[in-house]
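**Student:** Submitted below is the structure of interest, expressed as structure tokens.
The values are calculated or read from the model by the stated rules, or taken from the named source; none is laboratory data. No experiment lies behind these values; they were computed from the predicted model shown. Backbone-built Cβ (ideal geometry, glycine too); neighbour counts: all protein chains shown. The protein model used for the area step is the full one, side chains on, heavy atoms only, and it has no ligands, DNA or RNA in it. Shrake-Rupley method; radii C 1.70, N 1.55, O 1.52, S 1.80 Å.
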Amino acid sequence: MSSLPNHTPHNPSSTENTALQAHSLRPTIGLSQAVALYIGAVLGSGILIAPGLAAEMAGPASLLAWGFMTLLILPMALSMGLLSARFPNAGGVSHFVTLAFGPRAGALAGWFFLMSVPIGAPIAALTGAGYMTAAMGWSDTVRIGLAALILAIGLITNWIGMQLAGRLQIAVVLSIVAVLVFAIAVAMPHIQPVHFTPFLPHGWLPVGQAAAMLFWCFIGWEAVSHMSEEFRDPQQAAVRGITIAAVVVGVLYFLTALAAVGTQSYLHGGSDTSLVWMISSTMGSWGAVLAGLTGLFICTATIIAYVGAASRVAYALSRQGYAPRWMSRLSRRYQTPVGGLLFLTGCFVTILLLYSSHILSLSLLIQLPNAAFILTYLAGCAAGIRLLRGYRIGVIISWISFVSTAVIFPFSGWAIWYPVLIAVVFLCVMRTRSHTIPPSH
């Protein structure tokens with residue numbers, strides 16, 4: 001792949017440079033850590049529940065949805081990687097949109113992402129904890145406690161810094177990949193051709209709906225873009241790292257879905273616990289424990305990446321004046337965005353309390369952030385079309401990602417109203433600010 005066109009940055013004076021270093025994030029992320037962060041962000045809770053849910057929706061034809069998303073994954077990933085390599089910034093997609101369409105559009109894209117993680121991360125934590133409690137026969141109270149522990153690990157790890165987060169992520173991702181490869185291997189001998197008929201039991205519409213639902217499984221590339229300011233070598237970590245991660249994730253997702261359909265584990269073990277059934281059917285009770293631990297590891301890896309991304313979005317928005325000033329606070333000891341982490345802590349506690357009091361169900365929660373994530377991707381791909389004009393392959397990749405994502409968006413259903421609400425609140429706040437701030441002379 002040819003290199004990106006050169007982007008000439010502003011060269012600050014020594015005084016400006018000292019000020020920037022005093023209020024900036026440290027570059028500590030290398031290639032291996034970047035690959036682990038990308039895989040951990042994308043290979044999340046979706047692999048635990050999506051193969052079975054998609055098969056329940058569309059039958060064996062759900063593999064067409066998986067195939068489409070697996071082919072789409074590389075241009076989706078590269079569009080984010082190319083932008084991260086050329087414009088490394090803690091704002092990530094928000095920064096790209098700002099450069100392409102102006103600061104308000106960028107800030108709105110940032111808020112779409114920022115308000116998705118406070119819901120998405122507790123969903124991931126409850127999913128992973130649910131796998132473990134199901135394997136051990138524990139109560140829902142224990143599930144909530146485990147979810148809180150997973151969220152705390154994500155927050156504390158990101159408070160200490162991305163160097164620790166990257167190292168921990170490498171260990172967790174290697175464990176995840178090993179278990180998934182094992183689960184696929186033990187399932188292969190049990191795949192039967194009869195399980196693939198009828199291939200289209202519910203028609204073509206559910207295949208499109210399954211593809212929209214599977215989008216949740218393939219998001220995450222935009223999350224790591226928010227850490228690009230901390231890449232030691234943005235060109236290598238973003239482009240090469242994201243390519244390696246995309247291949248690994250695409251293959252693992254498709255093979256897991258193939259095993260779920262071919263063994264009909266989604267019928268035997270339940271659509272949301274098909275992976276547990278695949279492992280436990282060959283290993284017995286120990287297999288269930290292994291699957292439960294895998295769920296914990298997968299969701300911990302996802303949360304580490306997304307907490308890191310969201311805290312940096314909060315930091316970037318505050319630095320630009322589009323979020324409260326306290327969100328830009330950095331830890332004096334670790335130089336990490338402690339203001340954003342405090343914001344997320346409050347949100348996580350609120351969501352867990354609402355879930356534990358049965359005011360909100362997991363099935364309701366899981367639909368809310370998806371539409372906002374899709375809009376974040378659309379904004380990022382549109383920015384790529386404009387910002388990568390001097391790089392033809394980059395523009396083509398961004399167009400492929402934009403069109404494919406736009407096709408999926410209408411299938412989000414009623415959840416589209418969540419980003420609409422975010423946009424309305426944002427615009428109202430911006431209008432209020434414009435009326436209260438006196439014009440400069």
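**Student:** In the stretch 29-45, how many are at pLDDT 85 or above and in a loop (DSSP other than H, G, I, E, B)?
**Tutor:** Within the stretch 29-45, residues that are at pLDDT 85 or above and in a loop (DSSP other than H, G, I, E, B) number 0.
**Student:** With the structure loaded, tell me whether L375 is at negative phi, assigned to a loop (DSSP other than H, G, I, E, B) and either in contact with a helix residue (DSSP H, G or I) (Cβ under 9 Å, 6 or more places away or on another chain) or at pLDDT below 80 (or both) or whether it fails that test.
**Tutor:** No: the conditions fail for L375.
**Student:** State whether the residues of the stretch 101-109 include one that is within 18 Å of the chain's Cα centre (by Cα) and modelled with pLDDT under 90.
**Tutor:** So far as the stretch 101-109 goes, no, none of its residues is within 18 Å of the chain's Cα centre (by Cα) and modelled with pLDDT under 90.
**Student:** Tell me which of these A171 doesn't satisfy, since it passes every other one: (1) part of a helix (DSSP H, G or I); (2) in contact (Cβ under 8 Å) with a residue 24 or more places away in the chain.
**Tutor:** Among (1) part of a helix (DSSP H, G or I); (2) in contact (Cβ under 8 Å) with a residue 24 or more places away in the chain, the lone unmet condition for A171 is (2).
**Student:** List, please: which pairs have Cβ atoms under 9 Å, are six or more places apart or on different chains, and start with a residue in the stretch 199-222 that is touching a residue at least 60 places away in the same chain (Cβ under 8 Å) and end with one that is of a type outside the set (G, A, S) and assigned to a loop (DSSP other than H, G, I, E, B)?
**Tutor:** Matching pairs, first to second residue: P206/L200; V207/L200; W216/I366; C217/L43; G220/L43.
For every residue, the table says whether it meets (1) farther than 29 Å from P324 by Cα; (2) in contact with a Ser or Thr (Cβ under 8 Å, 6 or more places away or on another chain); (3) open to solvent by 20 Å² or more (accessible area, probe 1.4 Å).
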site	(1), (2), (3)
A105	no, yes, yes
A109	no, yes, no
A124	no, yes, no
A129	yes, no, no
A134	yes, yes, yes
S139	yes, yes, yes
V142	yes, yes, yes
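**Student:** Could you check the stretch 264-276 and list, in sequence order, the residues that are open to solvent by 10 Å² or more (accessible area, probe 1.4 Å) and either out of contact with any Gly (no Cβ under 9 Å at 6 or more places or on another chain) or at pLDDT 70 or above (or both)?
**Tutor:** The answer is Q264, Y266, L267, H268.
**Student:** Kindly provide the set of residues from the stretch 330-341 that are at pLDDT below 95 and open to solvent by 20 Å² or more (accessible area, probe 1.4 Å), ordered by number.
**Tutor:** Selection gives L330, R332, R333, Y334, Q335.
**Student:** Test of understanding: among V247, V207, V224, V181, which residue is closer than 24 Å to M76 by Cβ, within 19 Å of the chain's Cα centre (by Cα) and surrounded by fewer than 24 Cβ atoms within 10 Å (Cβ to Cβ)?
**Tutor:** Unique residue meeting the criteria: V247.
**Student:** Still on this structure: From L421, L375, L427, L364, which residue is open to solvent by 30 Å² or more (accessible area, probe 1.4 Å) and touching a Phe, Trp or Tyr at 6+ places or on another chain (Cβ under 7 Å)?
**Tutor:** L375
**Student:** Taking R332 as the residue in question, decide whether it is out of contact with any Leu (no Cβ under 9 Å at 6 or more places or on another chain) and not in a helix (DSSP H, G or I).
**Tutor:** Details: out of contact with any Leu (no Cβ under 9 Å at 6 or more places or on another chain): yes; not in a helix (DSSP H, G or I): yes.
Spelling it out, R332 is indeed out of contact with any Leu (no Cβ under 9 Å at 6 or more places or on another chain) and not in a helix (DSSP H, G or I).
**Student:** Separate question: Check off (1) in contact (Cβ under 8 Å) with a residue 24 or more places away in the chain; (2) within 18 Å of P51 (Cβ to Cβ) for A185 and give me the number that stays unchecked.
**Tutor:** Result: A185 passes all but (1).
**Student:** Next question, about the same structure. Among the listed residues S116, S84, identify the single one that is hydroxyl-bearing (S, T, Y), out of contact with any Phe, Trp or Tyr (no Cβ under 7 Å at 6 or more places or on another chain) and open to solvent by less than 10 Å² (accessible area, probe 1.4 Å).
**Tutor:** The unique qualifying residue is S84.
**Student:** I've got another one for you. On the basis of being surrounded by fewer than 24 Cβ atoms within 10 Å (Cβ to Cβ) and among the small types (G, A, S), does A323 make the cut?
**Tutor:** Taking the combined requirement at face value, the residue satisfies it.
**Student:** Residue pairs, Cβ under 6 Å, 6 or more apart or interchain, first in the stretch 415-441 and at pLDDT 85 or above, second surrounded by 10 or more Cβ atoms within 10 Å (Cβ to Cβ) and not in a helix (DSSP H, G or I). List them.
**Tutor:** I422/M115
**Student:** If L155 passes every condition in (1) open to solvent by 60 Å² or more (accessible area, probe 1.4 Å); (2) under 26 Å from V249 (Cβ atoms) but one, which one does it miss?
**Tutor:** Status for L155: all satisfied but (1).
**Student:** Quick one: which residue in L317, L290, L344 is hydrophobic (A, V, I, L, M, F, W, C) and either open to solvent by 20 Å² or more (accessible area, probe 1.4 Å) or not in a helix (DSSP H, G or I) (or both)? Break it down stepwise before answering.
**Tutor:** Working: L317 fails: either open to solvent by 20 Å² or more (accessible area, probe 1.4 Å) or not in a helix (DSSP H, G or I) (or both); L344 fails: either open to solvent by 20 Å² or more (accessible area, probe 1.4 Å) or not in a helix (DSSP H, G or I) (or both).
Criteria check complete, one pass: L290.
**Student:** Taking the residues in the stretch 382-396 that are hydrophobic (A, V, I, L, M, F, W, C) and modelled with pLDDT of 90 or more as candidates, determine which candidate is surrounded by the fewest Cβ atoms within 10 Å (Cβ to Cβ).
**Tutor:** If we take residues in the stretch 382-396 being hydrophobic (A, V, I, L, M, F, W, C) and modelled with pLDDT of 90 or more, then I396 is surrounded by the fewest Cβ atoms within 10 Å (Cβ to Cβ).
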